[in-house]
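The values are calculated or read from the model by the stated rules, or taken from the named source; none is laboratory data. Just so you know, these numbers come straight off a predicted model, no measurement behind them. Quick reminder, even Gly has a Cβ in these numbers, built from the backbone with ideal geometry, and neighbours come from all protein chains shown. Just the protein is used for accessible areas: all its heavy atoms, side chains included, with ligands, DNA and RNA removed. Shrake-Rupley method; radii C 1.70, N 1.55, O 1.52, S 1.80 Å.
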Amino acid sequence: MKYDAIVIGAGNGGLMAALTLQKEGKEVLILDSSNMPGGFASSFIRGRFEFETSLQVLLDYGTEENHGPFYELLKRAEILDEVKLKALSESYYVKTGDNQEYIFPFGQDDFILKMEEYVPQSKESMKQFFELSKEVTEGFRYMNESKKVDVDELKEKYPNFMIASSYSVKRVLESIKMPEKAQEILMTQWGTFGSPSENLSFVSFATMIYSYITYGGYIPVMRSHEISLALLEKFESYGGSIRFLSRVTKLIFENDKICGVRVNGGSTYYADHIISNISPSIFYSTLLPKEMQTDRMREICNARTLGARGFSIFLGLNRSANDLGLNHYRYFLTNDLDHKKAYQSCQELYPNYCVATVLNQALPNCSSSDTTILTITSLYTSDIFSEEATEENYYDLKNKIANHFIDFFEKTTNLSIREAIEEIEIASPATFARYGGHPDGCIYGYMPKGYDNVIPRMMNEVNENCLMHVHFCGGFASRLSGYFNTYFSGELAALKTLQDMKREEGDEDEITD
Amino acid sequence: MKLQISKKEQQDFETFYALSKDREICFHQANKKPIISNYRSNDLARNLHPGYFWVRIKDIKLETNDTKTFILEADRDHGTNRLPRFQAGQYITLQIPLGKGMYIRPYSLSSSFKEHYQITIKRVLHGKISTYFWNTVRIGDTFLARGPYGNFVYQPIRDSEHIVALVGGSGIIPIKAIAEDIVNNKIAAKMTILYGAKTKDDLIFRTELNEYVKTCSNIKVVYVLSEEKKDGYEHGFITRDLILKYQETSHSYFVCGTIPFYQSMNKILKSMDVPNKYIRHDSYMEHDIPEFEEKFDILILSSTGEQKISCKGNQTLMDAMEHEGVIIPKKCGVGVCGYCRSKLIRGEVLTNYDYVRKADKKHHYIHPCSTYPLTNLIIQLPN
Ligand SMILES: Cc1cc2nc3c(=O)[nH]c(=O)nc-3n(C[C@H](O)[C@H](O)[C@H](O)COP(=O)(O)OP(=O)(O)OC[C@H]3O[C@@H](n4cnc5c(N)ncnc54)[C@H](O)[C@@H]3O)c2cc1C
């Protein structure tokens, strides 16, 4: 049988792409190498704990009255009522190696007040920051939602968006004269992007903070696996098919036109349209026949830098969060408030920066009473892990690094958790490489910096299509990584595929005419 | 507000227009070498977890009158050049075609990691596969293997550095591998093994264990014989008193044995108020097998089409499928790992295990390896 389209990978992007197409009446097949949908958006069980694999917080959701684009996306996917999301009660908890502590609420006004408390005379710049972020968010939405961007209209309606999105976070925050300390407090969240303020475009940072502080943060009651499954169920209810344990190994062409894929084990599936939830780098280098690799593909991949690699420690603790003093949901822990130093420490094997979440603070019943799920995540912003890790030292090295982070967590928070560890699982870049299939265990796609920030990616997207009937979605595509971005990128890839299909149907009509 | 970053207002807008061109220029300047296709972390992951590989029986050794050890080597003829590294306590699975059936069975690795693997198989009365290994498998036979898998390993961050291993019969197999790692200084821990068997001759690896005790002060072994009285051996069963007699400080308990053995050890450890954290056990069927023998029709949907099979009320869905040669992903086989996770499209089942994700429960996913039919069923396999 021939499908209308094949989606390679059932991550957020792939699931959303497949559902969007199937809903339009196309016959879609998803192929995924693992035995579960969702890619990084998943969960796993150890002993009496069900751990979340990646999600710390969902942005862009909000409430029925005041909702963001993710709410609308869930609605379009017809799963708004299928997934139960719970709101977080506090936005950030920041703690430094020298005992500085910053706790932030949701809501712009409260956020600004709090910052003023921590950094006197920051109020004006913070107000400007939010005002600017609002315009940037609206401009970005306009750009996302218009089929063709009218630059004059953009300039007229969202001039500040155009200016701000041309510069780095650092340049913009300096230009609105935000006190350095306030900048650094905001930038403790650089880990959400893996890119420091001098490289990251202001758009990405501003839209993230704006959305988070105005719409709040959410977490699905049954882990992100609940969203992945809801998307899959919806897709299947429209007649879509999925094959797990089917790793795509090869693309098949007929007269230079793509016509299908082969999976491990030898089965072949046919379709004229492909959506790839895997990176262009892997797609062009391993799935495409060698002789078809063009210079254009090469420059597109070779000009990029890989983004941050993940390192996560999943802990099931045998005491309650309150008992252990784990009173916050989201901990940003850094030895130094200077985020550049934190970033640099992530180029070494033992970083002095991590983000930790206490799931029970958001979902009190996520584990049995008197237990806690704590996840510590950090990043590598260089190749250091892959350079150091070998088959021989792998398990020891993982334990050493995990030990470092547990010490770092305890020292920075002044809390003791080690004795309470009942279950532990450690995910290294090799683990993420194994499950996501991405280069070197990258969890955030290509590094967003300079010319590879979101706006230039979007502007040039069309020129960067190297193969007819192939579109990319997911963390390596044009919308960067993150839950909403990757779902949205899937929708966009589906729309582009639909356009391709329509165009061709049109052609055929012409011929028969 | 009006944002201005460069000296001249117009310049800011020009910067925006230039974003696209800048990117294009950088792309043009990029090198045109073939795109890298192998990354170190991906290669590392692939080497550690190759998915599947082929093994050949290199040697067979009689351990006791009902236990044999099979030495496995990489089967180069099938393209496997070396066997993947594993952690002591882990298992592999072997795929065994037998009659029209296709069986996948987990086997704990019984030595620490070396060039060759070894697995040890006890002949079980009426056990189809163990009997096959016992009677039919010869040196030179080859098998498709998968793994290594499993979490029954020493974890220095979580576990106490003193381990008490509570072992019943063939439960010694993974424990022996862990002991060997301790002897070879690959694991920094001390272990006291309380090893229960019927008679002295039923003890597997007695020679090796005695050797470990001789050469390594971190290993202690206490043999507990239930059907034989002998000097230097404890007589009876592993009891709370016996444990207390041999343990010194606080411990992690590593439990491994048959289902009744787990049940009795769990009872003892509960009575000693040992926190969960300090009780590790290999995966095992944690539930009782239902009694009814009624037969049900099972319709199986998979990428290869539809297939109808029958399954008895006291038989797992996995078992019924294996008999019919249906190939379904399988690792632990006892409901814990979730690798065989499949969707129940219609019908009622009995599931006594608690290792299904919350959202999976909501959407009717089951682990066929430990699920029994209560009615006729339709199930959808993952592949
Ligand atoms: C530890 C961690 C924390 C994170 N925290 C957050 C957060 O708090 N908020 C947030 O918004 N984002 C977060 N992210 C990022 C977010 O999880 C990802 O951006 C997003 O899930 C990626 O989705 P994707 O569409 O790129 O697909 P992926 O999740 O990358 O999935 C790719 C899929 O493709 C499959 N595949 C790969 N190769 C093949 C092949 N050859 N054939 C078939 N299938 C193949 C894989 O099996 C996988 O299922 C986090 C990520 C990690 C790892």
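Annotations for the structure displayed:
- From the list B:VAL334, B:VAL326, the lone residue that is among the β-branched types (Val, Ile, Thr), open to solvent by less than 30 Å² (accessible area, probe 1.4 Å), part of a loop (DSSP other than H, G, I, E, B) and under 19 Å from B:LEU377 (Cα atoms) is B:VAL326.
Table: residues versus (1) under 18 Å from the mean Cα position of the chain (by Cα); (2) open to solvent by less than 20 Å² (accessible area, probe 1.4 Å); (3) away from chain B (no Cβ under 14 Å); (4) not charged (D, E, K, R).
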| site | (1), (2), (3), (4) |
| --- | --- |
| A:GLY13 | yes, yes, yes, yes |
| A:SER34 | no, no, no, yes |
| A:THR53 | yes, no, no, yes |
| A:GLY62 | no, yes, yes, yes |
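- Just one of the numbered conditions (1) out of contact with any Ser or Thr (no Cβ under 6 Å at 6 or more places or on another chain); (2) open to solvent by 10 Å² or more (accessible area, probe 1.4 Å); (3) away from the ligand (no atom under 16 Å from the Cβ); (4) touching a residue at least 40 places away in the same chain (Cβ under 8 Å) is not true of A:ARG48: (1).
- Residues (open to solvent by 60 Å² or more (accessible area, probe 1.4 Å) and either modelled with pLDDT under 85 or assigned to a helix (DSSP H, G or I) (or both)) located in segment A:150-160: A:ASP152, A:GLU153, A:LYS155, A:GLU156, A:LYS157
Results for (1) open to solvent by less than 30 Å² (accessible area, probe 1.4 Å); (2) within 7 Å of another protein chain (Cβ to nearest Cβ), shown as yes or no for each residue.
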| site | (1), (2) |
| --- | --- |
| B:LYS8 | no, no |
| B:PHE16 | yes, yes |
| B:LEU19 | yes, yes |
| B:GLU24 | no, yes |
| B:ALA30 | yes, yes |
| B:PRO34 | no, yes |
| B:ARG40 | no, yes |
| B:LEU48 | yes, yes |
| B:GLY51 | no, no |
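- Taking first residues from segment B:60-78 that are on the phi < 0 side of the Ramachandran plot and partners that are modelled with pLDDT under 95 and surrounded by fewer than 18 Cβ atoms within 10 Å (Cβ to Cβ), the Cβ contacts under 7 Å between residues at least 6 apart in sequence or on separate chains come to B:ASP66/B:ARG123; B:LYS68/B:TRP134.
- Filter result (more than 14 Å from every other protein chain (Cβ to nearest Cβ) and either open to solvent by 30 Å² or more (accessible area, probe 1.4 Å) or not in a strand (DSSP E or B) (or both)) within segment B:285-305: B:MET285, B:HIS287, B:ASP288, B:ILE289, B:PRO290, B:GLU291, B:PHE292, B:GLU293, B:GLU294, B:LYS295, B:ASP297, B:LEU299
- Segment A:5-20: number of residues that are near the ligand (Cβ under 6 Å from one of its atoms) and either part of a loop (DSSP other than H, G, I, E, B) or polar (S, T, N, Q) (or both): 3
- Of the residues making up segment A:439-452, those that are of a type outside the set (A, V, I, L, M, F, W, C), open to solvent by less than 30 Å² (accessible area, probe 1.4 Å) and more than 8 Å from chain B (Cβ to nearest Cβ) are A:GLY445, A:TYR446, A:PRO448.
- Some residue of segment B:357-364 being free of Cβ contacts under 8 Å to residues at least 24 places away in the same chain and in contact with a His (Cβ under 7 Å, 6 or more places away or on another chain): yes
- Among helices (runs of 4 or more DSSP H) entirely within segment A:298-380, having at least 2 residues that are basic (Lys, Arg) singles out A:339-345.
- When the residues of segment A:179-196 are filtered to those that are more than 17 Å from the chain's Cα centre (by Cα) and open to solvent by 10 Å² or more (accessible area, probe 1.4 Å), the one that is nearest to A:SER165 (Cα to Cα) is A:GLN183.
- Within segment A:70-91, tally of residues that are open to solvent by less than 40 Å² (accessible area, probe 1.4 Å), out of contact with any helix residue (DSSP H, G or I) (no Cβ under 7 Å at 6 or more places or on another chain) and within 23 Å of A:GLN189 (Cα to Cα): 1
- Matching residues in segment A:98-115 - criterion: being touching a helix residue (DSSP H, G or I) at 6+ places or on another chain (Cβ under 7 Å) and surrounded by 16 or more Cβ atoms within 10 Å (Cβ to Cβ): A:TYR102, A:PHE104, A:PHE106, A:GLN108, A:PHE111, A:ILE112, A:MET115
Yes/no matrix, rows are residues, columns are (1) out of contact with any strand residue (DSSP E or B) (no Cβ under 8 Å at 6 or more places or on another chain); (2) farther than 30 Å from B:HIS323 by Cβ; (3) of a type in the set (Ser, Thr, Tyr):
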| site | (1), (2), (3) |
| --- | --- |
| B:MET102 | no, no, no |
| B:ARG123 | no, no, no |
| B:ALA177 | no, yes, no |
| B:THR192 | no, yes, yes |
| B:LYS200 | no, yes, no |
| B:ILE204 | no, no, no |
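Residue-wise test of (1) of a type in the set (D, E, K, R); (2) within 19 Å of B:VAL153 (Cα to Cα); (3) at pLDDT 95 or above.
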| position | (1), (2), (3) |
| --- | --- |
| B:LYS190 | yes, yes, yes |
| B:LYS200 | yes, no, yes |
| B:ILE204 | no, no, yes |
| B:VAL213 | no, no, yes |
| B:SER217 | no, no, yes |
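- Scope segment B:322-344; condition at pLDDT 95 or above and either at positive phi or more than 10 Å from chain A (Cβ to nearest Cβ) (or both); matching residues: B:LEU344
- Checking each residue in segment A:21-45 for being away from the ligand (no atom under 16 Å from the Cβ) and either part of a strand (DSSP E or B) or basic (Lys, Arg) (or both) picks out A:LYS23, A:LYS26, A:ILE45.
- Filtered residues of segment A:203-221 (kept if over 22 Å from A:ARG309 (Cα atoms), within 14 Å of another protein chain (Cβ to nearest Cβ) and open to solvent by less than 20 Å² (accessible area, probe 1.4 Å)): A:VAL203, A:ALA206, A:ILE219, A:PRO220
- Inside segment A:453-463, residues that are open to solvent by 30 Å² or more (accessible area, probe 1.4 Å) and either of a type in the set (Ser, Thr, Tyr) or within 8 Å of chain B (Cβ to nearest Cβ) (or both) make up a count of 2.
- Filtered residues of segment A:360-388 (kept if touching a Cys at 6+ places or on another chain (Cβ under 7 Å), within 30 Å of B:TYR355 (Cβ to Cβ) and open to solvent by 10 Å² or more (accessible area, probe 1.4 Å)): A:ASN360, A:THR377
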